[in-house]
1. Just give me the residues in the stretch 32-84 being small (G, A, S) and assigned to a loop (DSSP other than H, G, I, E, B), in sequence order.
2. Cβ-Cβ below 7 Å, separation at least six or inter-chain, first residue in the stretch 175-191 and within 16 Å of A153 (Cα to Cα), second at pLDDT below 90: which pairs?
3. Looking at A105, A145 in this structure, which one is touching a residue at least 12 places away in the same chain (Cβ under 8 Å) and within 18 Å of E71 (Cβ to Cβ)?
4. Can you say whether T111 is assigned to a helix (DSSP H, G or I) and over 10 Å from the mean Cα position of the chain (by Cα), as far as the supplied structure shows?
5. Go through the stretch 163-218 and report how many residues are within 30 Å of D144 (Cβ to Cβ) and either at pLDDT 85 or above or among the polar types (S, T, N, Q) (or both).
6. Can you tell me how many residues within the stretch 66-84 are open to solvent by 10 Å² or more (accessible area, probe 1.4 Å) and within 22 Å of R181 (Cβ to Cβ)?
7. In the stretch 166-203, what count of residues is obtained for those that are open to solvent by 40 Å² or more (accessible area, probe 1.4 Å), of a type in the set (D, E) and under 14 Å from C94 (Cβ atoms)?
8. Just wondering, is there one or more residues in the stretch 78-94 that are free of Cβ contacts under 8 Å to residues at least 60 places away in the same chain, within 30 Å of K143 (Cβ to Cβ) and touching an Asp or Glu at 6+ places or on another chain (Cβ under 7 Å)?
Amino acid sequence: MSPHRPPETPRLRADAQHNRDRILAVARETFATLGLDVPMAAIARRAGVGVATLYRRFPTKEALVTEAFAEQIAACVAVVDDALADPDPWRGFCSVIEKVCDMHAVDKGFTAAFLSAFPDSTVFDHQRAHAELGFVKLAQRAKDAGHLRADFAQDDLVLLLMANAGIVTQSPEAALAASRRLVAYLLQSFRADHTGPPPPLPPTTPLGLQDVFYRPKP
């Protein structure tokens, strides 16, 4: 080989990294809009790579999903840890629900991933278990302080996330606004101490009955 000819391997590694980054970016965007049911072939097509390339980087959809949402699940864990450090039990409890629902409102894929089980991804499942345990502690602190109703159960968090995931609008901004108003309603219903007037609700977002059946197109 000529000493002036650049080596082949670094270029190939750079190409492989570019493909991987492109696949993950497209997967996040597509999952956020359409959920996790999008076929792997559609992800490959949108990313401009062959299906074989996609499967070489990510052998299963589970591998793609867990890698695509690694940052989001880490952010979710950080939200819970920050709330546990808050000396105000009710504020910490509310902050987790508000911030997590904000994340879920604009990213349907993360909602589905967070509520799914990934037996082959110990890191993802460990982080989710950590977040769940932290939320249990937050709820108990809020109950002990007399702010959270005694019959609130962990199942109610799942119910809330399911309701929040059902918000489907024609723009992320509308989804976020609708989610925040829904969450405000639910947090008021979770309170045990109704000693004063409830705080004002976030602004409404224009919604019509046709939005009940709206689904984004692939």
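The values are calculated or read from the model by the stated rules, or taken from the named source; none is laboratory data. It should be emphasised that the depicted structure is a prediction, and the values quoted were computed from it without experimental measurement. Neighbour counts run over all protein chains shown; Cβ positions are idealised from the backbone, glycine included. Note: accessible area is taken over every heavy atom of the protein model, side chains too, but ligands, DNA and RNA are not part of it. Shrake-Rupley method; radii C 1.70, N 1.55, O 1.52, S 1.80 Å.
1. If the condition is that a residue be small (G, A, S) and assigned to a loop (DSSP other than H, G, I, E, B), then G35, G48, G50 are the ones that fit.
2. Partner pairs satisfying both residue conditions: Q188/P198.
3. That would be A105, the only listed residue that is touching a residue at least 12 places away in the same chain (Cβ under 8 Å) and within 18 Å of E71 (Cβ to Cβ).
4. So T111 fails the test.
5. Number of matching residues: 20.
6. Count: 1.
7. 0
8. Yes, that holds for at least one residue.
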